1. Counting Lys and Arg as +1 and Asp and Glu as -1, each charge on the Cβ, what is the dipole of the stretch 1-93 about the Cα centre in debye, to the nearest 20?
2. Each residue of the stretch 132-141 in turn: what ³J(HN,Hα) in whole Hz from Karplus with 6.51, -1.76, 1.60 and θ = phi - 60°, glycine and Pro shown as x?
3. For the stretch 57-116, report the convex hull volume of the alpha-carbon atoms normalised per residue, in Å³, without decimals.
4. Given the options Pro71, Pro137, Pro86, state which has the largest fluctuation in a GNM of the chain using a 10 Å cut-off (strictly under) for Cα springs.
5. Using just the C-alpha positions of the chain as equal point scatterers, what log10 of I(q)/I(0) does the Debye formula give at each q in 0.09, 0.12 1/Å?
6. In Å, what Kirkwood hydrodynamic radius results for the stretch 1-94 from the alpha-carbon pair distances?
7. Quick one: compute a quarter of the convex hull surface over the Cα atoms of the stretch 127-172 and quote it in nm².
8. Work out the length of the dipole vector of the chain about its Cα centre, built from +1 on the beta-carbon of each Lys and Arg and -1 on the beta-carbon of each Asp and Glu, and round it to the nearest 20 debye.
Amino acid sequence: MSESRSSTAPALSWKFTLGLAALLTLLTALINGQDRNWDLRNYHLYTGSALLQGRLTQDIAAAQLQTWHNPAADLPFVWMVHAGWPGWLIAFWLSLPSLLALFFALRLLDRCWPQARSRMRLVLTGVLALTGAAVGPSVGSTFNDALIAAGATGALWWVLRSREQAGLWKTWLPAGLILAWPPA
């Protein structure tokens with residue numbers, strides 16, 4: 001009878017996971033190019049600009065129903081556009097929530113399935129995650145879905161990481177704050 005394999009592989013470095021998430025996310029944003037989606041043209045730029053210029057209560061339904069979406073998540077983007085930042089730098093900024101979401105998702109994978117930890121698994125999972133029809137096109141864009149994903153995966157990672165060693169407040173209060181941080 002052969003010797004059984006260890007039940008868990010050694011943990012992979014968070015630095016490797018962060019570097020991989022950064023590389024894959026920024027490569028995806030580069031492939032996507034500058035954002036020019038309909039939502040950006042319809043309301044992401046308008047509602048933030050209208051709020052900053054005091055016109056949100058004057059221009060009634062200028063962006064249809066989306067006029068009343070919370071513009072807080074779009075304010076950094078609007079500030080960058082108004083400041084004249086180059087498109088590549090804005091796309092980099094807009095990629096950061098996707099980077100965080102991928103980083104925490106990969107860390108969750110290693111925590112929940114430690115038996116098969118490997119760099120190759122992380123690379124393949126990262127590529128698979130970013131080439132999906134729902135995620136890939138949104139990387140580096142004004143779609144705010146990645147803000148929610150980053151908060152949700154970050155909070156879940158925190159709960160799984162700290163539940164064995166921390167008490168109720170030290171586990172759930174930070175998780176709630178991490179989940180609630182995105183203004184979207």
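The values are calculated or read from the model by the stated rules, or taken from the named source; none is laboratory data. Fair warning: this is a prediction, and the values are worked out from it, not measured in the lab. For neighbour counting, all protein chains shown are included, and Cβ atoms are generated from backbone atoms with ideal geometry for every residue, glycine included. These area figures cover heavy atoms from the full protein model, side chains too; ligands, DNA and RNA do not enter into them. Shrake-Rupley method; radii C 1.70, N 1.55, O 1.52, S 1.80 Å.
1. Around 120 debye, computed over the stretch 1-93.
2. Going residue by residue, I get x, 5, 8, 9, x, x, 8, 5, x, 10 Hz, with x marking Gly and Pro.
3. Per residue, the Cα convex hull of the stretch 57-116 comes to 130 Å³.
4. Between Pro71, Pro137, Pro86, it is Pro86 that shows the largest mean-square fluctuation.
5. Once normalised to I(0) and log-transformed, intensities are -0.41, -0.67.
6. 16.5 Å
7. Averaging across all directions leaves 4.1 nm² for the Cα convex hull.
8. So the magnitude is around 560 debye.
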